[in-house]
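First comes the structure, then the notes that go with it.
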Amino acid sequence: MITDVTIVQLQPTELLQHPANRAVTDERLAELQASMSTDLKLLQPPVVVPTEDGGHRIIVGQSRVKAAEALGWPTLPCILREDLTDAKALLALWEDNETHAHFTTAERAAIDAELALFPEFDTPTKLARATRRKTHHVEGSLAVHRLGPAAAHAIDTQQLTLDDAVELSELNESDPDTAQVILASGRSQQIRYMLAKVHRKRNRARLLEEAHRKLSAEGVAVVPAPRGFPHSSEAAPLDNLRTADGEEIDAELVRTQEGFGAVVDFVHPITSARITYVCLHPEAMGFTRATGSYRTPEQLQAIEEERAYLNEQREQLETAAEVRAKWLVRNLSTQTKAAAWLDDTLRILATHLVDLEGSDLADRLCGAPPAVGTASARKAAHRVIALTVAALHQTASQPESRDDAAIIDTFYRLLWSHGYVLTEAEDEHHQRCHHLLSPRPASGPGANPADGTEPAEEHLA
């Protein structure tokens, strides 16, 4: 119950503005002047609090005070709240600003950051409870304040979400240069792609460090992968070697001995480091190779370049897939949102062979599979859409081949038709699929050069 409320007449020119308040726009000032010039005058008095020097500071109603000053009012009625602490006064200011449509992300973030300095609101959970928001929204707002005006602009123009801002802020703590480069990249999907790329790089470094630490503690020498590894290098995996008696080599018995070691690398998708135990000089130690053969330096160079090219493609596509999966969850995780995809999904199933196996992404899109006979028609349709989209998503997460170029092309068109913007990696992937789908020029006498043109695009209806 409020007991310390008093209506007082104060001079508008003597009232102090709160530093956290928004600027008053000319349009808003003109509206208020027109309203306050009628017989009704002022229906909602501003709210002020006393200052230590005997003055008064505006908490709510700064625009009305400005309008009264412009109209030449000598005084105006104000609600004096002597009961408000500094923290509660700032919270009241936040509440008032939140009712205005032009309350920007940067302005909200600035007030949130000030509120967070008070013990009453010093955790995102406390502040979220006081302002009736979700905790992650508050965390995002505080992250925007730490990142600065560019992040606020990116939020207001929908290049970033508040969740993205939290990720960027965490990166900004350890690598501000990279965070600012990402923030300046301009496109929402590219920002998210670059964020995912940084996370994958850091995760890969962490996995490598953990594997190296584990092997070193066990007394195993970690060696870099030699050129041509595993089939055409001098060092060879133990599972590819045999003793003079034709026996396999037990890695547990020899891995810590001299002349042996471990190569640490990754396979796609990257979920953990791969440890391969090797013999550094197998022939010198009397071992024979079960498979593999010698390659010339030129052949090795070509093999390595091809492998590096494919690995780079996989890395880019898996990173893009992380961004795409988040977008799919945001746009397909309810039956209402998924309903718009049903016709396109059925058309794809009628024209392409799609393996509708369950997956983690499918479950994220529509929940776990329902018990037999318990699903409604809408839920069943949602499940079919989720399984189809998840299967296409998985296919598009790997380098293209002639066999799956058509389905990848169809998938990207489906995404386009529902508002998805391809990352640069996906756009390049799509162009490579187009190249594979283009008819090859006819050869021989009388060949028509026009036969080599690209087919007309077919859009999903």
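The values are calculated or read from the model by the stated rules, or taken from the named source; none is laboratory data. No experiment lies behind these values; they were computed from the predicted model shown. Cβ coordinates were reconstructed from backbone atoms using ideal geometry, including for glycine residues, and neighbour counts include every protein chain displayed. Ligands, DNA and RNA are excluded from the accessible area calculation, which covers all protein heavy atoms including side chains. Shrake-Rupley method; radii C 1.70, N 1.55, O 1.52, S 1.80 Å.
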Being open to solvent by 40 Å² or more (accessible area, probe 1.4 Å), of a type in the set (A, V, I, L, M, F, W, C) and either closer than 30 Å to residue 395 by Cβ or more than 36 Å from the chain's Cα centre (by Cα) (or both) narrows 310, 238 down to just 310
Taking segment 52-90 and keeping only residues that are acidic (Asp, Glu) and at pLDDT below 90, one is left with 52, 53, 82, 83, 86
Can you give me the number of residues within segment 130-173 that are over 18 Å from the mean Cα position of the chain (by Cα) and either of a type in the set (Gly, Ala, Ser) or open to solvent by less than 30 Å² (accessible area, probe 1.4 Å) (or both)?
3
Only one of these is farther than 26 Å from residue 438 by Cα and open to solvent by 50 Å² or more (accessible area, probe 1.4 Å): 381, 377. Name it.
377
Quick one: count up the residues across segment 218-235 that are at pLDDT 95 or above, under 29 Å from residue 311 (Cβ atoms) and either loosely packed, with under 14 Cβ neighbours inside 10 Å or among the charged types (D, E, K, R) (or both).
1
What's the total number of residues in segment 70-119 that are of a type outside the set (Lys, Arg) and either under 14 Å from residue 45 (Cα atoms) or in contact with a Cys (Cβ under 8 Å, 6 or more places away or on another chain) (or both)?
8
Restricting the first residue to segment 87-113 and requiring it to be farther than 15 Å from residue 155 by Cβ, which pairs with a second residue that is basic (Lys, Arg) meet a Cβ separation below 7 Å and a spacing of at least six or different chains?
97/22
Among residues of segment 250-272 being of a type in the set (Gly, Ala, Ser) and either open to solvent by 30 Å² or more (accessible area, probe 1.4 Å) or farther than 25 Å from residue 203 by Cβ (or both), the residue modelled with the lowest pLDDT is 272
Only one of (1) more than 16 Å from residue 390 (Cα to Cα); (2) open to solvent by 40 Å² or more (accessible area, probe 1.4 Å) fails for residue 326. Which number is that?
(1)
Looking at segment 63-85, is at least one residue within 30 Å of residue 157 (Cβ to Cβ), crowded, with 18+ Cβ neighbours inside 10 Å and among the small types (Gly, Ala, Ser)?
yes
Of the residues 47, 5, 60, only one is of a type in the set (A, V, I, L, M), under 25 Å from residue 111 (Cβ atoms), loosely packed, with under 14 Cβ neighbours inside 10 Å and in contact (Cβ under 8 Å) with a residue 24 or more places away in the chain; which?
5
Under the condition of being touching a residue at least 24 places away in the same chain (Cβ under 8 Å) and more than 14 Å from residue 265 (Cβ to Cβ), which residue from segment 200-209 is surrounded by the most Cβ atoms within 10 Å (Cβ to Cβ)?
200
Just one listed residue, out of 32, 93, 10, is modelled with pLDDT of 90 or more, open to solvent by less than 30 Å² (accessible area, probe 1.4 Å) and not acidic (Asp, Glu), and it is 10
